[in-house]
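First up is the structure itself, then whatever we jot down about it.
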Amino acid sequence: MASRWAPLPAGLLLLLLLAVLLPARADRPARTAHADDDPEASSAVFQLYGNVYPHGLYYVAMSIGNPAKPYFLDVDTGSDLTWLQCDAPCVSCSKVPHPLYRPTKNKLVPCVDQLCASLHGELSRNHKCDSPKQQCDYEVKYADQGSSLGVLVNDTFAVRLANASVVRPSLAFGCGYDQEVGSSTEVAPTDGVLGLGSGSISLLSQLKQHGITKNVVGHCLSMRGGGFLFFGDNLVPYSRATWVPMARSAFRNYYSPGSASLYFGVRSLGVRPMEVVLDSGSSFTYFSAQPYQMLVTALKGDLSKTLKEVSDPSLPLCWKGKKPFKSVLDVKKEFKSLVLNFANGKKALMEIPPENYLIVTKYGNACLGILNGSEIGLKDLNIVGDITMQDQMVIYDNERGQIGWIRAPCDRIPNENTIHGFEEGYCWPQFPSIFGIQNEECAANYRSNKE
């Protein structure tokens, strides 16, 4: 599970929850009825901000509390718990974009709440409440040694739906009052984390419990920066996306499309099937030791002599050209596409063109945005992060138990007037012909409406 509270772009979350939170309240919020009388027919669409480099994350603005106040949250499909740094009072907090969230005593979640008990039992096998009035505490720890200690609270979230109505459900989230999250002198880009995993405490699951949206979430991360996030299935291009059943990951509650074979161009790298998970909370992609080393060997053996390996503080493996690169477009012709061929679906292929695994740094070098996960304790887990999911709509459909993806113009933000017609913007990926899929030129889909 992932999040990024260190100043470096990729801080992968190894989540340890010591206790968990209150379910959505039984009373349903007032809301506008839909024409088809389906209480879960609507969707909510949110603009995203940020990029892979140099910001190292994508985040969303959420309005929380009464009166509602804005907070920036790191979008994380690799964890369940949504949390804010807060003044409860704060023991140790970093500087954040907005004033710290201040809870009131009546917002506290009791330890004896059933969801607190069930999640604590699932994650730590040890749930104990000393008194009925005891609060529900939690602790999260990160692979970059960052952590957050806090208490679970309830408060209202203002969510504008695609049908133009606004709902204000009371949702449970973490109030983090003791953090170790990188430099305390620098302003963090976000106020907290938006947990969108499949667990009961995720915001997505709570919205489902309230009957507001279906348990479907998707994101479209633009390579130009920004993009959009959506809850519900109104935007989902079911007939055109590549779909695979969700696989049960050996590494907890990750969204996993199952195991995959790795190709370099049209050539299999011959590595054993890789267990893959998709995680928007990871800036970069991580391969375990064997596929990472095989990939690096293939890359180095295939590059032209015009590229020279160079040291760059941004990432471990970088190259320079005869003159500094301005963008990935300047160097992509020197690299081949990668392909993940998933065994869990029919022709379930995910193409990774060079622009989905390279960045160009401020020093004008091209760097590999796929890292060795074994070096940071990920063992055999392979994480597809933001860099690889850029300019793709990725859908996590918990209703149907499937994960889908399709190339899309992620800098076009859909609204209530275009939400049903957005499918015309999609196109098939440009897979190598060895897989029996015809190439299609998608360049038109990467032109912003702003141009």
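The values are calculated or read from the model by the stated rules, or taken from the named source; none is laboratory data. Treat the numbers as computed from the prediction; the structure is a model and nothing was measured. Glycine gets a Cβ as well: all are built from the backbone with ideal geometry, and neighbour counts include every protein chain shown. Just the protein is used for accessible areas: all its heavy atoms, side chains included, with ligands, DNA and RNA removed. Shrake-Rupley method; radii C 1.70, N 1.55, O 1.52, S 1.80 Å.
Worth a mention:
- Of all residues in the range 42-57 being open to solvent by less than 20 Å² (accessible area, probe 1.4 Å) and closer than 26 Å to Gln209 by Cβ, the one that is modelled with the highest pLDDT: Leu48
- Filtered by the rule that a residue be small (Gly, Ala, Ser) and without any contact (Cβ under 8 Å) to a residue 40 or more places away in the chain, the range 304-321 gives Ser304, Ser311.
- Here His127 clears all of (1) touching a Gly at 6+ places or on another chain (Cβ under 8 Å); (2) in a loop (DSSP other than H, G, I, E, B); (3) modelled with pLDDT of 80 or more except the condition numbered (3).
- Positions within the range 297-319 being over 22 Å from Gly56 (Cβ atoms) and open to solvent by 30 Å² or more (accessible area, probe 1.4 Å), in sequence order: Thr297, Lys300, Gly301, Asp302, Leu303, Ser304, Lys305, Thr306, Lys308, Glu309
- The range 60-75 residues that are in a strand (DSSP E or B), paired with ones that are among the acidic types (Asp, Glu) (beta carbon under 7 Å, 6 or more apart): Ile64/Asp155; Tyr71/Asp191; Phe72/Asp191; Leu73/Asp191
- Against the numbered list (1) crowded, with 16+ Cβ neighbours inside 10 Å; (2) of a type in the set (D, E, K, R); (3) free of Cβ contacts under 8 Å to residues at least 12 places away in the same chain, Asp233 comes up short only at (3).
- For the range 152-169, the condition holds for no residue, the condition being that it is buried (at least 24 other Cβ atoms within 10 Å of the Cβ), in contact (Cβ under 8 Å) with a residue 12 or more places away in the chain and on the phi > 0 side of the Ramachandran plot.
- Inspection of the range 178-199 identifies at least one residue that is under 21 Å from Lys69 (Cα atoms) and surrounded by fewer than 20 Cβ atoms within 10 Å (Cβ to Cβ).
- The residue pairs whose first member lies in the range 84-106 and is open to solvent by 70 Å² or more (accessible area, probe 1.4 Å), whose second member is among the β-branched types (Val, Ile, Thr), and whose beta carbons are closer than 8 Å, counting only pairs six or more residues apart or on different chains, are Lys95/Thr185; Lys95/Val187.
- Which listed residue, of Gln206, Gln290, is in a helix (DSSP H, G or I) and without any contact (Cβ under 8 Å) to a residue 24 or more places away in the chain: Gln290
- Subset of the range 349-408 that is at pLDDT below 95 and in a loop (DSSP other than H, G, I, E, B) - its residue that is surrounded by the most Cβ atoms within 10 Å (Cβ to Cβ): Ala408
- Flag for Asn344 being closer than 28 Å to Gly401 by Cβ and not acidic (Asp, Glu): yes
- Members of the range 213-257 that are more than 20 Å from Ser198 (Cβ to Cβ) and of a type in the set (Gly, Ala, Ser): Ser222, Gly225, Gly226, Gly227, Ser239
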